[in-house]
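Take a look at the structure set out below.
A short reminder: the numbers here are calculations on the coordinates, not readings from a lab. No experiment lies behind these values; they were computed from the predicted model shown. Cβ atoms come from the backbone with ideal geometry, glycine included; neighbour counts cover every protein chain shown.
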Amino acid sequence: MNKNAKKQNLVLIFLYLIFVSACFSPDKPSQSETASPVNEENFEVPDTNINLAQPLAISNEPKDVALCEKINRTIEESEFANARWGVIAIGLKDGRVVCEKDGRKLFNPASIQKILTSIVALDRLGAAFRWQTKILSGKEIENGILDGDVILYGQGAPDFDEIGLENLANQLQAKGLKQVKGGVVGDESYFKGDDIGDGWTWNDLQWHYGAEAGALTFRENQADVFMKDGKPVSSTDYLQVQSELEPKQAGKTEAYGIKRGLADNQVYIWGNGEKASGQLAVHNSALWAAKNLKTLLEQKGIEVEGEAKSVNWKSKDRLNVENAVELAVVESKTLAEIVQKMNKRSINVYAELLLRTVGKRFGDTAPNESRQITEVRGDDSAGASLIKKFLRENKVATDEIQIRDGSGLSRLDFVTPEAFGRALIYAAQSKFADVFIGSLPIAATDGTLGGRLGKAKGKILAKTGSITFVNSLTGYAQAADGEILTFAIISNNVTRKFDSSRVIDSIATSLTE
C-alpha cells in the first residue's frame, strides 16, 4: 500500500472517532464551543509507514513514560493486582510503543480473538463476499412432482433464517412444485470437522455463545426460554422444555437452574420463583432448518411425503452435490455486514463460520507440519492454521502463538498483546480499513461498549472480550492531542467476585486523556 493510501486510512480512523464523539455527545455544544470540522486540510496526518518487520521501540518520551507509570499504578493499586496483565499501546503516527507491560507474553485473549478472524477473513475473502444456501435434488421437477428429497444445502451462511427459508420455498413454488415424493434433508456436509471449537468447555455448549457452527446454521443456532402463563416455555418447539419450577415460597430465595443435554434439545428447568429465562444453543441446527422448511412447504400447499432429517460430512447417505440439480438459491449479506454485526455484538457462531469458511477455501495454502494431519484435519483446524500463517507472514505475530478457534471461547488460544497491536496497525493500513474500523463497538455508544467507557465516549473503537477468569479489550483510541493509538489490554486469572472490566476501562480511558 502506498503512503497516500496509508494517510487516508489514518485520516479515516481520526475522522471516525471525531465524528462519533461529536454525534453522540450527551450535551450539544454551543456554536462558540464547537471546534472547526476536522479534515485533511486542517489536520496534518503524519507520514506513517510502520514496517511491521522491524521491532517496535519503547518510547522514552516523558509524556509516554508518565502515561505508562499511571497505567501500571492503576493495575497495582487495584483489587486485581494478582491477576496476569498484558498491556500495549502503539502510536500510529510513528509506531513507537507508548506503553508496554508483558506485551510479548502469551495470554488467553477471549473474544478479542475475533479481531484476528475478521482481519484474515476480510483479507482473503473480500468485503463483498457472500455465502449461498441452496435447494438441491437428485432430479428435476416434472409436472409439479419431485421424485426424491428436497435437499437444503448450507455452505456456512451466518445469517440464514426464516426469511431465507421463505425465499427458497417461494422459488420452489414458482417452479410449479406441488408434491415431494421424498422428504426434506438439512445437509451440513459442506464443512468437514467439528461443529464446536477446539478447547471449548463442555458447560459452555448449552448457552447461546456456545452454539455449534454447522454449515447449515439457522437463526444463529439459538433459541430463548422464557415465562408464559406462569410456566417456562421455549421460542421454538424444537426445544422440549421439562419444568419442575415451583412457585416462589415465602422466606426462600428465588432461584432456578437450566440444563440442556449435550447432544439433544431436552431442556430441564428446576428451582422456585416466578422468573426463568435464558438464551440457549440449539443442537443439530440442520435438522431444525429442515423441519421448518417442511412445515413451510406444506403451508404453501406443497405435499411432502417423507420426514425431515439431517446429514453431515460423516453421513454415507448424503447426496453427491457435484451431480445435483440446483432448484433454488439465496445469498447472505456481505462479509462486511456480517463482520460488523459479529464484532458489535460479539457473536461467536459468526466467527466460527468465518474460520471454517477460510479453512475450506484456503486451507491447502497453510498445511500442518505433518502431511498426515493435513490430509485428515477438518476445516476448523485448517482455518486456524491459515490465521496463524497469515499473522506470521505479515509480521503480526510469531509462531509461538496458538490459534484454536475463531471466536476466542477456546481455552487453548494464546496470543500476545503486541500481536493485537500489530494486527490493528495492519488493518489500519489495509484496503479494508474502513470496513474493519466500522465494525468495532464505539465507547459508550453501541455494541458491547454501549454501557462502558463513558468518560471516553466516542474516543475509543474497540472489541471486548470476556470468558470465565479472562477480560480483554483491544482497538483504537484517540489521545487528547489527536494522535491515534492502537492498544490491547488483557487480564488473565481474574478470580475475584467481579471481573476486571472496570480496571480495563480505566486504563483505556487514560489513553484518551
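Worth pointing out:
- Taking a ≥ b ≥ c as the square roots of the eigenvalues of the alpha carbon gyration tensor, the range 144-189 is oblate, as a/c is not under 1.5 and a/b does not beat b/c.
- Classified by the C-alpha gyration tensor, the range 71-160 has a prolate form. Its axis ratio a/c, with a ≥ b ≥ c, is 1.5 or above, and a/b is larger than b/c.
- Too-long pairs where the Cα-Cα distance tops 32 Å, listed order kept, from LYS192/LYS463; LYS259/LYS459; LYS275/LYS457; LYS252/LYS457: LYS259/LYS459; LYS275/LYS457; LYS252/LYS457
- Cα centroid of the range 476-510 to Cα centroid of the range 361-415, whole Å: 28 Å
- Seen through its C-alpha gyration tensor, with square-root eigenvalues sorted a ≥ b ≥ c, the range 219-281 comes out prolate because a/c lies at 1.5 or above while a/b is bigger than b/c.
- Distance from the alpha carbon centroid of the range 222-271 to that of the range 62-107 works out to 45 angstrom.
- Applying 0.36 nm per residue to the separation of TRP270 and VAL233 and subtracting their alpha-carbon distance, the gain on full extension is 12.0 nm.
- Structural descriptor for the range 444-494: relative contact order 27 percent, calculated from alpha carbon pairs under 8 angstrom and at least 6 residues apart.
- The order of LYS388, LYS497, going from fewest to most other C-beta atoms within 10 Å of their C-beta, is LYS497, LYS388.
- For the chain, relative contact order (Cα pairs under 8 Å, six or more residues apart, normalised by length) works out to 23 percent.
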